[in-house]
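Q: Handing you a structure now.
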Amino acid sequence: RIKSHQVQQGVQLMEGVKNVVAVASGKGGVGKSTTAVNLALGLAACGAKVGILDADIYGPSIPRMLGVSGKPTSKDGKTLEPKEAYGLKAMSIGFLIDEETPMVWRGPMVMQALEQLLGDTNWGELDYLVVDLPPGTGDTQLTLSQKVPLTGAVIVSTPQDIALLDARRGFQMFEKVGVPSLGIVENMSLFICPSCGEETDIFSHGGGQKFADDYGVEFLGSIPLDADIREQADTGHPTVVAGPDSRQAEIYRTIANAV
Ligand code: ADP
């Protein structure tokens with residue numbers, strides 16, 4: 001539970017939001033969004049009021065992963081009502097555009113959209129707002145770090161060197177802008193064969209722990225490469241709700257507790 005981390009001073013964009021937790025990765029496709037959704041659900045399962053903001057304007061995936069779509073309503077013509085799914089409040093550019101429409105926007109437009117999704121959404125009272133960042137160390141990460149009092153960032157990486165190298169860059173960027181790191185999650189760390197149960201390190205192993213040791217950050221846990229996690233994420237029934245008694249859901253809840 002986030003208690004000890006100091007919330008940074010900054011522009012108070014969202015009055016009722018107690019903690020803003022960014023979920024970041026160096027590379028795309030490492031499972032950042034899947035982790036963000038399940039982390040948010042894990043926090044909610046612990047009794048917290050949780051929202052999730054999809055900050056990936058070019059590639060929003062939260063609507064699909066939560067199985068929600070359709071335009072958000074507005075009560076006052078100025079602010080947007082977040083969508084509700086599995087007890088989470090969610091906002092994404094994906095609710096405002098057709099799923100297959102590409103966002104052919106330059107940086108400033110993207111930043112404007114991000115600020116609106118963040119600041120013009122009627123989040124209400126939240127214990128945590130989980131922000132699913134796009135991969136890398138670009139405009140979105142900088143804007144968010146500078147405009148929002150981030151509690152901290154959770155870094156998601158697969159265990160192999162090439163993904164960890166990018167994760168290191170992500171970590172250093174947050175250090176530079178003064179955002180505390182809440183720890184690293186190693187995703188797709190082990191493949192368990194569904195038919196024979198044999199365990200294989202497809203993407204190598206131990207990288208997340210090494211990262212944590214090198215930088216003195218917390219190793220929050222490792223999540224296996226698992227066909228169920230993929231299917232649940234891609235069909236809008238994320239693991240923590242689809243298989244609440246599964247070992248995978250237990251891992252996400254443990255990670256939520258460690259954050
Ligand atoms: P990112 O946000 O880093 O681009 P996603 O969360 O969108 O990555 O995940 C990419 C793909 O990998 C998705 O199809 C997702 O369902 C799948 N995936 C993520 N984590 C796992 C996992 N632990 N096991 C199996 N598939 C996973």
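Q: How many of the residues making up the stretch 203-254 are under 28 Å from Met173 (Cβ atoms), among the β-branched types (Val, Ile, Thr) and within 12 Å of the ligand (Cβ to nearest atom)?
A: Of the residues in that region, 3 qualify.
Q: How many residues, within the stretch 16-60, are within 13 Å of the ligand (Cβ to nearest atom), in contact with a Gly (Cβ under 6 Å, 6 or more places away or on another chain) and among the small types (Gly, Ala, Ser)?
A: Within the stretch 16-60, residues that are within 13 Å of the ligand (Cβ to nearest atom), in contact with a Gly (Cβ under 6 Å, 6 or more places away or on another chain) and among the small types (Gly, Ala, Ser) number 2.
Q: Out of all the residues in the stretch 167-200, which are farther than 23 Å from Ala24 by Cβ, modelled with pLDDT of 90 or more and surrounded by 13 or more Cβ atoms within 10 Å (Cβ to Cβ)?
A: Across the stretch 167-200, the qualifying residue is only Phe191.
Q: Right, another one. Name the residues in the stretch 175-202 that are out of contact with any strand residue (DSSP E or B) (no Cβ under 8 Å at 6 or more places or on another chain) and within 13 Å of the ligand (Cβ to nearest atom), would you?
A: Pro194
Q: Now for a separate question. Identify all residues within the stretch 115-152 that are touching a strand residue (DSSP E or B) at 6+ places or on another chain (Cβ under 9 Å) and part of a helix (DSSP H, G or I); write none if there are none.
A: Gln116, Leu117, Leu118, Gln141, Leu144, Ser145
The values are calculated or read from the model by the stated rules, or taken from the named source; none is laboratory data. Given the structure is predicted, the values throughout are model-derived calculations rather than measurements. For neighbour counting, all protein chains shown are included, and Cβ atoms are generated from backbone atoms with ideal geometry for every residue, glycine included.
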